[in-house]
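Report on one structure; see the data block that follows.
Only the coordinates and a few stated rules stand behind these numbers; no lab work does. Given the structure is predicted, the values throughout are model-derived calculations rather than measurements. In this analysis, Cβ positions are derived from the backbone assuming ideal geometry, glycine residues included, and neighbour counts consider all displayed protein chains.
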Number of protein chains: 2
Amino acid sequence: MSETHLSLEQVEALARGCLMANGCDQANAEAVAATVTAAERDGAASHGLFRIPGYVAALKSGKVNGLAKPKAEDLAPATLRMDGDGGFAPLAHRLSRPLLAERARAQGLAALGIVNVHHFSALWVEVEALAADGLVAFACTCYTPSVAPAGSRQAFFGTNPIAFGWPRGDGQPPLVFDQATAAMARGEVMIAARDGRELPPGVGLGPDGRPTTDPKAVLEGVLLPFGGYKGSAIAMMVELLAAGLIGEGFSFEAARYDNKDGGPPRGGEFMLAIDPARLGDKEGWLDHAEGFFAGLTALDGVRLPGDRRYANRALTPSQGVQVPKTLHDKIVALSAL
Amino acid sequence: MSETHLSLEQVEALARGCLMANGCDQANAEAVAATVTAAERDGAASHGLFRIPGYVAALKSGKVNGLAKPKAEDLAPATLRMDGDGGFAPLAHRLSRPLLAERARAQGLAALGIVNVHHFSALWVEVEALAADGLVAFACTCYTPSVAPAGSRQAFFGTNPIAFGWPRGDGQPPLVFDQATAAMARGEVMIAARDGRELPPGVGLGPDGRPTTDPKAVLEGVLLPFGGYKGSAIAMMVELLAAGLIGEGFSFEAARYDNKDGGPPRGGEFMLAIDPARLGDKEGWLDHAEGFFAGLTALDGVRLPGDRRYANRALTPSQGVQVPKTLHDKIVALSAL
C-alpha cells in the first residue's frame, strides 16, 4: 500500500481545509481537525484522516450543520446540558468542557448531557483533557444499531464506547481507556476490511446470522458485545445513560433518522467529571493511586491502557505519520473549492 | 442433598438471631439480616444464609465491629462520605441511602464513598432501593485480590462487582444488574465447589497458573476478568473509584490486613445516584426508556437482567425457600448463646 508522509501540522491543515471547503466554519473545522490530528498523533488511524470523507459526506448531504453554535444550559447545580445545534461533537465538547470542570470542582462532581450532535470522534480525547486538568472523568455515547444484545442475532445496541480517565502524578499523561462495548470497534473492523485482514473469532455475525471472521461480512451483519451477557449489560447501561437519561435517541431510534451518507448519525453523550480532592482523600489520592499503578505494572504481562498511544505520541510530533496515498489523494480532491 | 424448608420470616429471624448471638447489636443485625433475606427471597443463594458462618467468624475474631455506629460526613454539595465504624456494610448503607438520595435530588446527582466497612452482601440490594426511589444508581466495590489482570497470572484485582439500577414505570420493579468484573463471582465459584459442579472454561487458573474448570483449584488459584483486557480495564476502574478516589484500600492492600477468618475483608464502596428528571428530559425519560425496553425484549433470545430474581421473588414470600440442612444446622449451632 503506497503511503504519503505528513507532519502533524500538515494533518491538521489538511483536515481543517477540507472541512472548511465543505461547509464548516472555522470554529467547527478547527475542533474536528484537532480530534483527527490527536488520533493520527497517537497512531489511532481509525479515528484519524480515515474519517474525513465521512465528515464531508455528512456535510454535503445537509445532515450535519457545519456552522453549529452549541449552547449550554444549566439543569441543576451539578448537571448541565449542551445542545450541539446539529453539528459535529468536537465543538460542543470544546465549549462545554470548561463548564463541566468548573461545576465538578464547585459541587464535588458534575454530569453533562450532550445532545443534538453527530459523533464521529474518539471519546478518549475529551476524557484525557478533563483528566489532564486534574479530574476523574467518564464518558459514553451511543448511536446506530450495530451490536446484537447477548442471546440475539439482531443489531440493537450501538458499539457504545465507554471511556475513563484518571490524573497521574509527576507530569505523566493521564491513565485513559476508551473501549467499545462491542467485541471490536466498528472503526477497527472497517480498517481490517480496508486492509484485507481477518478478524479474531467472536467479533460478529454475518448477514446470515452466523459467526464469521470476514470483516466485510460483519460490517453487513452484526457485531457482538464483548464478554457475553456482562458486556451486553454494560452496553445497555450506555444506552440508558447516553440516550434515556439525557433525552437523546437510543441507537435503534438514531437509525431511523440516518440518511446513510456514510457520515455519523446523531447521538447523545453522557459525561461525568469528579474532583478527586472532594471524595474523602484530599491530600493522599494521587500518591495512593500511583502505588496501585506501580503494583499493577510490576506484574508480568500487564500494560496500562493508553501506553501504545503515548508511545506513538512521543514520536509523531517530530517524525510525522504515514497515511495511505489513496486516502490522502481523496481528501485533497474533496478539498478543492 | 437434604434440605430444610424455611419461610422468609424464618430466614430473617435465623440470620438476625445468629448475628445477635455473636456480637451484633440489633441495628447491625437487622441490616445484615435484611440483605441475607433479600438474597434468599430472590434465589441468590451465594449471598444468602450461606454467608452467615463467615459473618460470625468475622465477629468472633474481632475483625468486624458488631456494634458499629456509622457516621456520615459532608464533603462537598454533591459528595458524601460514610464511615462505617468497622462494621458490616449494610447498616452504613441503610443510614446513608436517604442522605445520598436527598443530595441527588437537590444537586442533580451525588456521589457517596463508604469506607471502613466489611463487604459481604450483594450490591443490587442497595442499587435497587435507590432505583425504587426513582433514582438512577451505580455502585462498585473492591476488596481482596482474587482476579489476575489481563495478561498476568497473579491475583491483584478483587472480583470488583458493578451494579446499575434504572427506575421502571407502571409499578414494575427497577431494572437492575449486579455483576462481578471477574468471569464469575467468587460466591458462585464457592457454591459450585460446595455442590461439586465443574466451571465453564475461562473462569480461572489453578494454583499452578494453568486454566482449569475445577472450582476448588480456582479458589486456591486465581479468577480471570470477564471479557479479556476490556473487562480488566473495567476492574481497574472499579479499584480507582472504590479505593483510590474515596480513600479506602485497594484490593492488594486489603489483603494485607485480612486475618483470613473466612469473613469479609475491609473494603470501600463508591455509589452514584442521579435524578433522571434533572438531566434534560424531565417529562419524557421514563416512557422513553420503556420504549427501549420494549424493543429490547421483543428480540429473540433476550432477557432483562434481574428477571430471574424477580421471578423467584414472586414465589418465595408465599412458598418459602429450601436451604441445605447442613447449613441450617450449622447456623442453629452458631446461634446457641
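Here segment A:131-148 and segment A:77-130 have alpha carbon centers that stand 11 Å from each other. For segment A:71-119, the Kirkwood hydrodynamic radius from C-alpha pairs, put into Stokes-Einstein at 37 °C and a viscosity of 0.692 mPa s, yields a diffusion coefficient of 309 µm² per second. Just to confirm my numbers, what's the Cα centroid distance between segment B:1-38 and segment A:205-271 in Å? Each part reduced to its Cα centre gives a spacing of 44 Å. Ordered by the number of other Cβ atoms lying within 10 Å of each residue's own Cβ, fewest first, B:Ser335, B:Ser232 fall into the sequence B:Ser335, B:Ser232.
Between identical copies, the spacing of A:Arg308 label points, each set 7 Å from Cα toward the C-beta atom, reads 3.5 nm from nearest to farthest.
Taking only Cα atoms of the protein assembly as shown, what ratio of Rg to Rh do you get with Rh as the Kirkwood inverse-distance radius?
Here Rg/Rh amounts to 0.98.
Across segment B:69-224, C-alpha contacts under 8 Å between residues 6 or more apart give a mean separation that, scaled by the residue count, equals a relative contact order of 15 percent.
Note down the relative contact order for chain B as a percent, whole number, built from C-alpha pairs under 8 angstrom at least six residues apart.
Relative contact order, chain B: 24 percent.
Close amide H partners of A:Arg168, meaning residues 5 or more places away or on another chain with modelled amide H under 5 Å apart, are A:Leu175.
When each of B:His118, B:His288 is scored by the number of other beta-carbon atoms lying within 10 Å, the sequence from fewest to most is B:His288, B:His118.
In this label model, A:Gln172 and B:Ala314 are separated by 5.1 nm, measuring between points 7 Å along each Cα→Cβ vector. Extension gain for A:Asn259-A:Ser2 works out to 89.3 nm (0.36 nm per residue, less the C-alpha to C-alpha distance). Spread over its residues, the convex hull of the C-alpha atoms of chain A is 139 Å³ per residue. Model label sites at B:Ala106 and B:Ala193, defined 7 Å from Cα along the beta-carbon direction, differ in position by 4.6 nm. Our coupling estimate for segment B:75-92, obtained by passing each phi through the Karplus curve with A = 6.51, B = -1.76, C = 1.60 and θ = phi - 60°, is 10, 7, x, 10, 10, 9, 10, 10, 8, x, 6, x, x, 6, 5, x, 5, 4 Hz, Gly and Pro reported as x. Taking the helices alone, the protein assembly as shown has a mean residue ellipticity at 222 nm of -12500 deg cm²/dmol, built from -39,500 (n - 2.57) per DSSP H run of at least 4 residues and averaged over all its residues.
When B:Thr79, B:Thr144, A:Thr213 are sorted by how many other C-beta atoms sit within 10 angstrom of their C-beta, beginning with the fewest, the order is A:Thr213, B:Thr144, B:Thr79. With its label point put 7 Å out from Cα toward Cβ, B:Gln322 sits 6.5 nm from the same residue's point in the other copies, in order from shortest.
Taking Lys and Arg as +1 and Asp and Glu as -1, the other residues whose beta-carbon sits under 9 Å from that of B:Leu112 total +2. Within the straight-line cut-off of under 13 Å between alpha carbons, the aspartates and glutamates reachable from A:Lys60 are A:Asp261, sequence neighbours fewer than 8 places apart in one chain being disregarded. Its Cα centre serving as origin, the protein assembly as shown has a Cβ charge dipole (Lys and Arg +1, Asp and Glu -1) of approximately 520 debye.
Projecting the Cα atoms of B:Phe270, B:His288, B:Phe250 onto the charge dipole of segment B:247-320, computed from C-beta unit charges around the Cα centre, puts B:Phe250 farthest toward the positive end. Between the amide H of B:Phe157 and those of B:Ser146, B:Val147, distances stay under 5 Å, these residues lying 5 or more places away or on another chain, with hydrogens modeled in the peptide plane. Each residue of segment A:320-337 was assigned a 3J(HN,Hα) from its phi angle through the Karplus curve 6.51 cos²θ - 1.76 cosθ + 1.60 (θ = phi - 60°); the sequence is x, 10, 9, 10, x, 4, 4, 5, 4, 4, 4, 5, 4, 5, 5, 7, 5, 6 Hz, with glycine and proline shown as x. Based on alpha carbons, the Rg and Dmax found for segment A:95-239 are 17.1, 53 Å.
Across chain B, the longest run free of exposed loop sites, meaning GluC sites (Glu not before Pro) lying outside DSSP classes H, G, I, E and B with no more than 11 other Cβ atoms within 10 Å, spans B:1-197.
By DSSP, the beta bridges lying fully in segment A:35-118 are antiparallel in about 40 percent of cases. Taking amide H as placed 1.01 Å from N in the peptide plane, B:Ala182 has its amide H under 5 Å from the amide H of B:Phe226, each at least 5 places away in sequence or on another chain.
Each residue of segment A:239-256 was assigned a 3J(HN,Hα) from its phi angle through the Karplus expression (A = 6.51, B = -1.76, C = 1.60, θ = phi - 60°), giving 4, 5, 6, 8, 10, x, 5, 9, x, 10, x, 5, 3, 5, 7, 4, 4, 4 Hz with x at Gly and Pro. Counting from the shortest, the label point at A:Glu73, 7 Å from Cα toward Cβ, is 3.9 nm from the same position in each remaining copy. Exceedance of the 23 Å cut-off in Cα-Cα distance is limited, within the set A:Lys63/A:Lys330; A:Lys230/B:Lys230; A:Lys71/A:Lys260; A:Lys71/B:Lys282; A:Lys260/B:Lys282; B:Lys63/B:Lys230, to A:Lys71/A:Lys260; A:Lys260/B:Lys282; B:Lys63/B:Lys230.
Here the chain A residue lying nearest the rotation axis onto B, judged by its C-beta and given with the distance in whole angstrom, is A:Gly227, 1.
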